[in-house]
Structure formats: structure tokens, C-alpha cells
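Enquirer: Input: one structure, supplied below.
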């Protein structure tokens, strides 16, 4: 590994940590940097997931009081999240690199579109959540089905998963925002930990690259809090959207 590649991987982790601390979307940077340094697409996806996990665990721990209080009421969501992520990760281990590479631009396009639409999704779900007065069995069942789909996607690729999850939970669970956000963080953490176990067992992780990205991401998460106080979230969002659009184009052109 060259000095440039080391700097690129650590730098991508640093940027991803900062972006995730402020607005989310850091996977764009880590996945692309790993591919650029020669890591096969599937291994890059798995390695990126492992590298950003410490930050996700930290985010979940920040909501520990809410999780302790409410997690027991959401056992079925936890179960379908773990099972769905196992299936998604299993699919990733069964697909060929060339096939996954062909899907990458579409997956990044989907994640970019979700990130672009996230303020509108939050506005819509907030309004719907406020107006909704009942939570019947059909609504709860639909929520579990939707969460299963999100978990499968999270196990397979994952970028934009949090946005999809929060939107679904807002539409189907009659809870306040802090409870929903705590639940979203818990489910996202469980999905990633489940995937990581399968990725490690399948030998998909490039550990040298992983530790470089992880070190940068940890530093970036700390730095992101400081930068976030000075830089408007809107600027960060457009940087992520622009990066996602650029990467979508690059991966489509390269094929």
C-alpha cells in the first residue's frame, strides 16, 4: 500500500466521520476510497461497514436511557431487523464482484436520492405522525414488513438506511421523535453488527484498509462536532449530494 493510498483511506474515514456527525452520508466517501485503492467492490462495502461501526455504537449509547425504557416494546422490530440484515448480508456474500459492481451506481443513486429527499421525508412523516391518532394491527404489521425490507437493504449495502428507517418508523409507530431516533439508532447498530459477523466469517474484510479508515472516522467524528457548530448543515448536505451525484456518474461510466 502506497503512502497516497494510506492518506486516501485515512482521509476518507476522517471526512466520513465528520459528515456522519453532522448530517450522515459518510459511506459515500469510505466505500469509494476503498474501491479506488483496489479493494474489490464487495469487500469495500463490507470493510466500510466495519470501519464506521464504532461511531454507530457511540450514537446508540447516547440514547441508552430511552433504549432501556422502550426497547422491550419493540421486540418484533428488533427480531425482523436482525433476520433481515442476515439475509441481506448473506446475499452480498453470494453475489459476484462483477454483479455487485453493476449494482453499485444504482445503489449510490438511490442513497443520493434518499439523502436529497430526507428533509421532505422528515417533514411529511412529522406531519403524518402528528395527524395520526390510531395505531392498529395493520399499521404495525406494515411497519414490520417495511423494516424487514430496510434491514435487507442495510445488510446488502446500507447507505441511506437510517433515512428510510426513520421515515418508516415515523409512519407506523406512534412515539415521540426522541424515542423514534433512539429506536432507529438501536436497529441500525444491530443491523450493522449482525452484518459484520457474517462479513468477518465470510472473510470479506480488508483489515489493513479497515483500520486506516476506522482511525480516520473516529477522529472525524470528534472533529465533526466542532466543525458542525460553525458550518451550516445545508452546506454539508449539498456536499454529500454533490459527491453522491458525482460518484453515481463515475460508477455508471466505469461500469
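Enquirer: Which order do 48, 85, 32 fall in if you start with the one that has the fewest other Cβ atoms within 10 Å?
Expert: By the 10 Å Cβ count, ascending: 32, 85, 48.
Enquirer: So, one more: What FRET efficiency do you get for residue 207 and residue 76 if R0 is 41 Å and r is their Cβ-Cβ distance, rounded to the nearest 0.05?
Expert: Values: r = 35 Å, r/R0 = 0.86.
Efficiency, from the Cβ-Cβ distance: 0.70.
Enquirer: What ranking, highest mean first, results for peptides 67-78, 179-190, 33-44, 99-110 when packing means the other Cβ atoms within 10 Å averaged over each residue?
Expert: 179-190, 33-44, 99-110, 67-78
Enquirer: Continuing with the same structure: Using helices alone, I'd like the mean residue ellipticity at 222 nm for the chain: each DSSP H run of four-plus residues gives -39500 (n - 2.57), total over residue count, nearest 500. Don't jump to the answer; show the numbers that get you there.
Expert: Values: 12 runs with 213 residues, N = 255.
Calculated mean residue ellipticity at 222 nm is -28000 deg cm²/dmol.
Enquirer: Can you give me the angle between helix 97-131 and the longest principal axis of the chain, using Cα atoms only, in degrees from 0 to 90, rounded to the nearest 10?
Expert: That helix lies at roughly 30 degrees to the long axis.
Enquirer: For the chain, with a Gaussian network of springs between Cα atoms less than 10 Å apart, report the residue from 216, 203, 154 with the top mean-square fluctuation.
Expert: 203
Enquirer: Relative to the longest principal axis of the chain, what angle (0 to 90°, nearest 10) does the C-alpha long axis of helix 3-22 take?
Expert: Value to nearest ten degrees: 20.
Enquirer: For the Cα atoms of the chain, what angle does the longest principal axis make with the long axis of helix 41-51, in degrees from 0 to 90, nearest 10?
Expert: Around 60 degrees separate the two axes.
Enquirer: Moving on. Want the number for residue 87 to residue 62: 0.36 nm per residue separation, take away the alpha-carbon distance, what's left?
Expert: On the way: separation 25, 0.36 × 25 = 9.00 nm, distance 2.83 nm.
Gain on extension, residue 87 to residue 62, equals 6.2 nm.
Enquirer: What distance in nm separates the simple spin-label points at residue 238 and residue 96, each placed 7 Å from Cα in the Cβ direction?
Expert: 4.3 nm
Enquirer: Also, quick follow-up: Please give the peptides 156-166, 142-152 ranked by average Cβ packing (other Cβ atoms within 10 Å per residue), highest first, as a rough proxy for protection. Let's see the in-between values first.
Expert: Values: 156-166: 23.8, 142-152: 20.3.
For the peptides 156-166, 142-152, the packing ranking is 156-166, 142-152.
Enquirer: OK, next. So for 200, 205, 193, fewest C-beta neighbours within 10 Å to most, what's the order?
Expert: Starting with the residue having the fewest Cβ neighbours, the order is 200, 193, 205.
Where a number appears in this text, it was derived from the coordinates with a stated rule and is not lab data. Since we're looking at a predicted model, the values are computed, not measured. Note that each Cβ is placed from the backbone with ideal geometry, even for glycine, and that neighbours are counted across all protein chains shown.
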